[in-house]
Amino acid sequence: MAAAWREHDGRMVNAGRTARMPGFGVWTWVFYLFLYAPVVILIIFSFNEGRSATVWNGFSLDWYRRAFTNPSIQRATLNSLIVACSATVVAVALALPVALALSRGKRFYGAGAMHLLLLAPLMVPEIVTAVATLTFFSAIGFRFGLFNVFIAHTVFCLPFAFLPIWARLSHMDEKLESAARDLYANAWQAFVRITLPLLAPGIIAGAMLAFVISLDDFIITLMVADAGATTLPVYIYSMVRVGTSPEINAVSTVLLAASSAVIIAHHFLTREKAAT
Amino acid sequence: MNKLRNFNLPWWLSVGPALLVLCFFMVLPIAIIFSYSLMQADPHGGVVHAFSTDAYLRFLFERDWDDVLQFDLSYFTIFLRSIALAAATTLLCLAISFPAAYYIAGQPPARRNVLLLLITIPFWANLLVRTYCWVLILRDSGLVNTWLGLAGWISSPLPLMYTNGAILIGLVYAYLPFMALPIYATLEKTDWRLINASRDLYANPLQTMRRIVLPLARPGIIAGSIMVFIPSLGAVIAPDLLGGGRKLMIGSLIQLQFSASRNWPFGAANAVILLVFVLLLLYLWRRRGGNTTGAW
């Protein structure tokens with residue numbers, strides 16, 4: 001039962017092959033099969049020539065062509081991108097100074113409460129946030145179509161933008177910034193030349209997560225959005241309510257591909273961070 | 001040593017904007033939900049500004065034609081079903097993902113990274129789309145029924161959709177990565193020498209699992225359970241798509257009250273109860289040490 005121990009950075013680390021549990025390896029394959037089989041089925045049948053999502057009739061890109069030329073889908077995609085981009089930019093712009101103040105600034109009264117408040121959108125159930133925002137907008141007569149959706153998205157994107165920035169800041173060596181100040185850089189120079197470049201991966205990571213969360217959001221958008229402010233997930237939902245069609249499979253596949261691409265990029269970005 | 005403070009913006013400039021946004025668009029809306037839950041319903045949607053506890057009473061009573069309160073637990077049943085389904089989801093997720101998380105944590109780093117990424121992708125992928133996949137599989141003309149029919153095992157489609165089982169599958173599928181990731185994060189940081197030592201000292205796999213691995217993985221199991229239980233409890237998509245509005249959960253009940261049913265105070269009361277329940281759970285968890293897994 002000797003494990004493969006290896007010296008690494010002066011401490012013993014496990015290079016794999018430790019106490020094996022019988023059957024766990026096979027179980028892991030079943031686990032991944034369960035996780036991916038339904039999605040793979042969706043993707044396969046999005047390329048099906050016929051209408052069926054159960055019987056294979058032949059390969060075709062027809063449903064993608066139809067989806068891409070459907071004006072409602074184009075509109076919904078555009079709405080999704082507008083909301084996701086603007087909510088991401090604003091959420092990062094709001095979260096960055098908070099993260100800096102919490103980890104680098106003078107201690108201020110209520111810092112703990114502020115931290116908790118920032119994470120509130122993660123703790124409050126999504127449906128509660130959805131109906132609360134809907135009620136609030138209707139109570140104050142706030143009806144500006146896509147702008148309402150943008151505000152709601154900015155709020156729940158905040159913690160996702162904040163956490164990676166904050167995590168990066170707490171791992172960064174503060175001595176570098178102090179050294180810059182010792183060498184007569186003013187606060188602004190030290191921030192722009194030292195802190196910001198070191199922090200950039202955290203900011204990009206936060207922006208990526210906020211973007212994906214906004215792009216994928218369904219419940220809050222469904223409750224808050226007016227008829228003209230439909231985003232892609234809400235449009236997919238309205239199609240599903242009418243009945244299944246291969247067109248849904250095609251749009252869904254595109255949406256899955258988009259968020260997966262961002263998450264894979266995010267994974268490699270943060271892994272690099274861990275290595276340095 | 002005196003620590004240099006390198007960020008000197010006044011707090012109202014740095015924290016102020018985010019604080020304002022959160023207070024205005026998060027705290028205030030929830031305060032309004034609280035107040036609406038204590039008002040009378042306007043049948044055309046919205047509320048009549050008059051104090052009433054009717055919304056809360058509806059959980060236990062129904063007002064009949066003579067304005068007499070009758071004991072009626074149909075809404076309370078929905079709440080109980082939500083808790084039962086969320087608990088079952090949590091247990092199933094734990095049973096399914098624990099062996100996988102353990103196996104992945106024991107792999108060499110390069111392989112571990114790939115396997116981890118494969119869990120992270122569905123973690124962030126669109127929940128609506130992932131649930132819709134199960135509609136394709138479970139509906140009457142879906143994959144399972146068609147294949148069973150072609151195999152000649154069934155003559156008419158099995159009613160798989162619109163059942164508690166369908167919702168359960170949808171929920172487990174939706175939140176499985178939320179359980180796997182914290183357990184993995186805990187096991188990955190564990191000192192595996194302890195596990196190996198127990199095997200060297202002639203413990204069988206079952207004993208090692210029960211006496212060594214499970215206690216070590218405890219923070220991850222608790223974190224994962226919280227991360228699965230809470231969103232399952234307030235789930236909307238799975239009961240809607242796979243329960244077809246026939247098997248309601250509290251989340252879909254809330255959504256219904258603010259859309260088709262147009263009883264905002266009752267919807268608000270449901271939202272308040274769900275919120276209080278969830279925050280209480282999080283508070284208790286925090287008091288016991290909170291999230292120490294490093295995964296969030």
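The values are calculated or read from the model by the stated rules, or taken from the named source; none is laboratory data. Since the model is a prediction, treat every value here as computed from it, not as a measurement. Using ideal geometry, Cβ is built from the backbone for each residue, glycine included, and neighbour counts are taken over all protein chains shown. Accessible surface areas use protein heavy atoms only, side chains included; no ligands, DNA or RNA. Shrake-Rupley method; radii C 1.70, N 1.55, O 1.52, S 1.80 Å.
Just one of the listed residues (B:Ala271, B:Ala235) is hydrophobic (A, V, I, L, M, F, W, C), within 19 Å of B:Leu94 (Cβ to Cβ) and buried (at least 24 other Cβ atoms within 10 Å of the Cβ), and it is B:Ala235. The residue list A:Pro97, A:Pro38 contains one member that is in a helix (DSSP H, G or I) and closer than 30 Å to A:Thr195 by Cα, which is A:Pro97.
When A:Gly145, A:Gly141 are checked against the criterion of being modelled with pLDDT of 85 or more, in contact with an Asp or Glu (Cβ under 6 Å, 6 or more places away or on another chain), open to solvent by 10 Å² or more (accessible area, probe 1.4 Å) and more than 9 Å from chain B (Cβ to nearest Cβ), a single residue qualifies: A:Gly145. Would you check if there is a residue in region B:203-217 being in contact (Cβ under 8 Å) with a residue 40 or more places away in the chain and over 30 Å from B:Leu279 (Cβ atoms)? Yes - at least one qualifying residue is present in region B:203-217. Can you pull out the strands (runs of 3 or more DSSP E) entirely within region B:1-118 that have at least 2 residues that are exposed (fewer than 15 other Cβ atoms within 10 Å of the Cβ) and within 14 Å of chain A (Cβ to nearest Cβ)? Here the list reads B:47-51.
For (1) at pLDDT below 90; (2) within 23 Å of B:Tyr102 (Cβ to Cβ), each residue gets a yes or a no:
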site	(1), (2)
B:Leu206	yes, yes
B:Arg210	yes, yes
B:Gly220	no, yes
B:Ile226	no, yes
B:Ile230	no, no
B:Leu233	no, no
B:Leu242	no, no
B:Ser261	yes, no
B:Ala269	no, no
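Residue by residue, here is whether (1) closer than 30 Å to B:Phe258 by Cα; (2) more than 7 Å from every other protein chain (Cβ to nearest Cβ); (3) crowded, with 17+ Cβ neighbours inside 10 Å holds:
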site: A:Thr54; (1), (2), (3): no, no, yes
site: A:Asn57; (1), (2), (3): no, yes, no
site: A:Pro71; (1), (2), (3): yes, yes, no
site: A:Ala99; (1), (2), (3): no, yes, yes
site: A:Gly105; (1), (2), (3): no, no, yes
site: A:Thr133; (1), (2), (3): yes, no, yes
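Checking the conditions here, which among B:Arg218, B:Arg211 is closer than 15 Å to A:Ala19 by Cα and more than 10 Å from every other protein chain (Cβ to nearest Cβ)? Going through B:Arg218, B:Arg211 in turn, just one is closer than 15 Å to A:Ala19 by Cα and more than 10 Å from every other protein chain (Cβ to nearest Cβ): B:Arg211.
Within region B:238-257, if we keep just the residues that are touching a Phe, Trp or Tyr at 6+ places or on another chain (Cβ under 7 Å) and assigned to a helix (DSSP H, G or I), the residue that is farthest from B:Leu136 (Cα to Cα) turns out to be B:Gln257. Scanning region A:192-204 for any residue that is in contact with a Ser or Thr (Cβ under 7 Å, 6 or more places away or on another chain), modelled with pLDDT of 90 or more, surrounded by 17 or more Cβ atoms within 10 Å (Cβ to Cβ) and more than 20 Å from A:Ala132 (Cβ to Cβ) turns up nothing. The listed residues are A:Ser238, A:Ser252, and the only one of them that is more than 10 Å from chain B (Cβ to nearest Cβ) and at pLDDT 90 or above turns out to be A:Ser238.
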